[in-house]
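Scroll down for the structure; my scribbles are underneath it.
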Amino acid sequence: MKKAIVRFLAWFGAAVIVYSIYFAIMLNYKGAVPSKTVLEMNLTSQMIEDAPDSAVAKYMLSDRPRVRDIVDGLDRGAKDDRVVGMVATISSVPMGMAEAQEIRDAVFRFRAKKKFAVAYSETFGEFAPGNGAYYVATAFDQIYLQPSGDVGLTGLMIETQFMKGTLDKLGVKFHGDHRYEYKNALNIYTETKYTAAHKEANSKVMNSWFSQMKNGICEARHLDPNQFAALVDKGPYLGKEALDAKLVDGMAYRDEVYEQVKTKAGRGAELLYLGKYLYRAGRPHDSGKTVALIYGVGQVIRGKSDFSAINGSVTMGSETVAGAFRAAIEDDDVKAILFRVDSPGGSYVASDTIYREVLRARKAGKPVIVSMGNLAGSGGYFVAMGADKIVAEPGTITGSIGVLGGKMYAAGFWNKLGLSHDEIHTSQNATMFTTTQDYNDTEWQRFEAWLDRVYDDFTGKVAEGRRLSRERVKEIAKGRIWTGEDAKAIGLVDELGGFDRALDLVKKAIGVPENDEVKVVVFPQRKKLYELLLPREADNSEKEASAEAVASVVRAVQPVTQKLQAAGIVERDQGEDVLTMPEMEPQR
């Protein structure tokens, strides 16, 4: 009997070991990259930079491609002899100018390795704006359009919604101030149309974008730049009109395009989605000296980075980002920091907290290189200005060096509803932050002094970080926004480009030869494999299940909330939103 028990236990133990080995192998099995691979890229979903590591963000953003994943996939494929080309499906999803340029640059690097790149679209707009998607498509060797599709190349428009008239009807008044005339986010509450400064700044950005788009499209499609304005004035191009205007290379359905791609690739070629390829082949920049990649994405707030399931926005929490810097500073393996910023600004205090950690990293002998995404303005510029070098795409919106603030005075609205308020207070300025009373004289003086203090501190730190005189900074500040192209000309950024250019500067800063690699590690570090294998507590599983259920409901609510916010009916998340960029809706 004892021998039988021993044999059983031995058999059971062996089975457990074998199963464990098999389980571990299957978990780590990535699949093979075919010897002749055509990458398949899908640009039909809005891209993101990064998202907080939360269950809700995971579920709701799982289908959103990350800019870095696309760039890394293309850069890995460019150097992989198994990859012979790629085909991309592109549609007119919301895409920032800098995002478009980052993807275009990666496609050009891919093609530079003598690999073909074919773009296909059902339509670039379907009788709607499709400028951005078409701009990306022009980086490819060939562009195919479905016969029923259109090319919405109609030029750019920036439209701003002003709510002063609505607030007047509701009996609501906004009382605030700004530093200075170009810091125009408050204009949507205080004006009914553009002020001269507001219009000047937006026009400059729009025309800079249009020029960049013109140069890129004309160079890629071999069009006469002098005729580009006239070409766009005739848009949108319906079906075969786009072919006749040489905007596309052919009219074909998806199956026809894919057959041509397979023929071009040759016998034995297999398609592989870009994401799967990156997973199987591994990221580039995976060996050599360690570089910490830290993301600063979304409105700057105090506390931890977060994701709002209601309006779909992410936030840059000073506690999270500053903590990532501290971890990178304390990690002896980390030789430099690549700080990727995509932010409209936010809390002055939170921005200053992150700025301080940038300086501490540099003092610790770890160079900090900033790579700007679509937007790095106001507080988004504040967190970047202390870096060793700043890299921006030509289309990045940056600058907005200024400050604003104020409050809604809603007593008139409550009176219309027959709702009254009364109060008692202990001190002269105790009513400063209530929305049922306007500022009194002493409160307004304190508020103005606060704006002056913030502006003086902001411009002083820009002068120090960018090695400019205070007088020069105040000439180019005043809350004005600039494209990356213009920001470089006035000294607010150092280089034009994306991830790849920023990494070149990182290598130079730590003495790594240009052709050698560095190892890029995201901070705060993501969960390790062993952490995923550990048993979860029941309550954690229940929480994740609940999060998924809530997320599915919120997806339906979110678009409505966003429209209500745009109309000013629903209040936006607060967080000392004093450095925030202006509200504008570019239609690309």
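The values are calculated or read from the model by the stated rules, or taken from the named source; none is laboratory data. What you are looking at is a predicted structure, and each value in this text was computed from that prediction instead of being measured. Counting neighbours? That spans all protein chains shown, and the Cβs are built from the backbone with ideal geometry, glycine included. Ligands, DNA and RNA are excluded from the accessible area calculation, which covers all protein heavy atoms including side chains. Shrake-Rupley method; radii C 1.70, N 1.55, O 1.52, S 1.80 Å.
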Length-normalised contact order of the range 156-268, Cα under 8 Å, at least 6 apart, in percent, tallies to 19 percent
Where the accessible area of the range 336-378 is counted over protein heavy atoms with a 1.4 Å probe, how much of it, in %, is carbon and sulfur? 50 percent
Where Lys and Arg each count +1 and Asp and Glu each count -1, what net charge lies around residue 170 among other residues with Cβ under 13 Å from its Cβ? +3
Quote the FRET efficiency, to the nearest 0.05, computed for residue 113 versus residue 148 with a Förster distance R0 of 35 Å and r equal to the Cβ-Cβ distance. 0.55
Environment charge of residue 70, counting only residues whose C-beta is closer than 10 Å and scoring Lys/Arg +1, Asp/Glu -1: -3
Suppose all protein chains stay in the model; what accessible area per residue would a 1.4 Å probe give for the range 212-322, in Å²? 51 Å²
Provide the convex hull volume over Cα atoms per residue for the range 383-499, in Å³. 158 Å³
Scan the range 436-521 for GluC sites (Glu not before Pro) in coil per DSSP, keeping those whose Cβ has at most 14 other Cβ atoms within 10 Å, and list them by number. 514
How much length is gained if the chain between residue 449 and residue 35 is pulled fully straight, taking 0.36 nm per residue apart and subtracting their Cα-Cα distance, in nm to one decimal? 142.4 nm
Given a 1.4 angstrom probe, what's the average accessible area per residue across the range 327-378, in square angstrom? 32 Å²
For every other residue with a beta carbon closer than 13 angstrom to the beta carbon of residue 222, add +1 if it is Lys or Arg and -1 if Asp or Glu, then tell me the sum. -2
Solvent-accessible area per residue for the range 384-486 at a 1.4 Å probe radius, Å²? 48 Å²
Using θ = phi - 60° and the Karplus relation 6.51 cos²θ - 1.76 cosθ + 1.60, list the HN-Hα couplings for the range 430-446 in order, rounded to whole Hz, with x at every Gly or Pro. 5, 8, 4, 10, 6, 9, 9, 9, 6, 5, 7, 4, 5, 5, 5, 5, 5
Filtered pair list for the range 344-468 (Lys only, Cα < 25 Å, 8 or more apart or interchain) has a length of 6
With all protein chains present, how much of the accessible area of the range 156-308 (probe radius 1.4 Å) comes from carbon and sulfur, to the nearest whole percent? 49 percent
Please list, by residue number, everything in the range 482-521 whose backbone N is under 14 Å from a paramagnetic label point 7 Å out along Cα→Cβ of residue 211. 482-490
Projected label distance in nm at residue 64 and residue 326, using a 7 Å step from Cα toward the beta-carbon: 2.8 nm
